[in-house]
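Report on one structure; see the data block that follows.
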Amino acid sequence: MGTFQTATITLAALLVANSVAFAQSPGQWSNQPIGRLGEAASYTSPDETLRLDASIGAAYIEGSEKVFIGNYTLSHLIWQSTAPILRGSVALEVGNGFSVKAEGATAGFGRSYMEDYDWTRGDDTFNNWSHRSQHPDTNLDHYYTGGASLGYELVRDNRAVVRAHGGFKYTDVKWSAYGGSYVYSNPGFRDDVGSFADGTPAIAYRQQFPELFLGIDGEERYGNFRVGGLLRGGMTFLSTATDEHWMRDLRFVDTLYVAPTFTAGVDLGFALGRNAELTLAARYDQVFEARGDTTYSYISSGASRGSAAGAAGGGMRSAEITAGLRGTF
């Protein structure tokens, strides 16, 4: 039956029962004897070349922004969102084991939050922060991610496929924070406590990460069920981050160095018929923190204020759970 045949007698009985509805059609269940352990019904995929996936769910997105003086952390801003997410993909088999795939996702609305910490007293351990502002009135202005990849089948039989793939991905996320409260050390330690007027523009932050990646993905069928997985690693290039401190009339543009990336995912499918399936998926993406150079200028006039090599740091991560439909044609 192929590389991945491992069904038990109990599963075999269930699959044979399903074969009554699907038997003797291309891409349907075909009956097999179940008198001996290891013999079961199997799924033979039809010769379909196009696969469409669409899903909706929830995502947690976190951006990290840092300012350094040498190896000393002067400032750390943490941006967080929990928001609805839409994800979709289209994959096309082009022959000889090759396939191309395009995928993308967007998130918005939801709930967001930002905290800004500073260390100005010679000790950058987290609990010894000297300044902190908190901003519950934070918006996720946009979140877009999308990519394209070329895949090649390493293993395929009538129940499973494993592919190697490589491609390009781009992620763009932006937050804006308003109002909030603060605790400053001015002149004593954490002695200045107050709040900003509601709706007052405070800080906006945008990250843009182009990425090249290599990975492996695959799936295997167990009766009406399908289990798939994804694992990939990559590297960012030409990444930028833009910080606008409205209260200080300052814009910081960070040119981030190369950073490693990681993606892992799993998805489950349940067949609704020959060409459709219900899906449930989980995914984790991370751009590890990278240092970078920064330039800063006035927001109002655009006039330059200077630059600093190696003074910036940035990274992001996201986790999502989605449910949807898959169709093959």
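Derivation of every value follows stated rules applied to the coordinates shown; laboratory data play no part. Computed from a prediction, not measured in an experiment: that's the story for all the values here. A quick note on method: Cβ atoms are made from the backbone with ideal geometry, for glycine too, and the neighbour counts reach across all protein chains shown.
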Inset, instruction - Output the relative contact order of the stretch 187-327, whole-number percent, from Cα pairs under 8 angstrom with separation of 6+ residues. - result: 20 percent
Inset, instruction - Only residues of the stretch 210-238 count here: report those whose backbone N is under 15 Å from the spot 7 Å along Cα→Cβ of residue 94, or say none. - result: none
Inset, instruction - Note the per residue figure in Å³ for the convex hull of the C-alpha positions in the stretch 125-175. - result: 220 Å³
Inset, instruction - Compute the convex hull volume of the Cα atoms of the stretch 154-284, divide it by the residue count, and report the result per residue in Å³ as a whole number. - result: 187 Å³
Inset, instruction - Evaluate 2.2 N^0.38 Å with N set to the residue count of the stretch 136-205, then give the Cα radius of gyration divided by it. - result: 2.16
Legend entry - Two-decimal Rg to Rh for the stretch 59-203 - Kirkwood Rh, Cα set: 1.20
Legend entry - Candidate values (1) 103, 56, 36; (2) 83, 35, 33; (3) 71, 46, 41, label of the one derived for Cα extents along the principal axes in Å: (2)
Inset, instruction - Using only alpha carbon pairs under 8 Å that are at least six residues apart, calculate the relative contact order of the chain and give it in whole percent. - result: 16 percent
Inset, instruction - Rounded to the nearest Å, what's the spacing between the alpha carbon centres of the stretch 181-251 and the stretch 57-100? Just the number, please. - result: 8 Å
Legend entry - Cβ-placed point charges (K, R +1; D, E -1), dipole of the chain about Cα centre in debye, nearest 20: 660 debye
Legend entry - For the stretch 176-329, with +1 on Lys and Arg beta carbons and -1 on Asp and Glu, the positive-most of 290, 195, 181 along the dipole: 290
Inset, instruction - Among the trypsin sites (Lys or Arg not before Pro) in the stretch 117-168, which ones are in a DSSP loop with at most 13 other Cβ atoms within 10 Å of the Cβ? Mind listing them? - result: 121
Inset, instruction - Measure off 7 Å from each Cα along the Cα-to-Cβ vector at residue 240 and residue 325, then give the distance between these two points in nanometres to one decimal. - result: 4.0 nm
Legend entry - Student exercise, the stretch 135-185 dipole from Lys, Arg, Asp, Glu Cβ charges, in Debye to nearest 20: 260 debye
Legend entry - Full-extension gain in nm, residue 102 to residue 289, via 0.36 nm per residue minus C-alpha separation: 64.7 nm
Inset, instruction - Calculate the radius of gyration of the Cα atoms of the stretch 93-165 to one decimal place, then report Dmax, the largest Cα-Cα distance, as a whole number, both in Å. - result: 23.2, 65
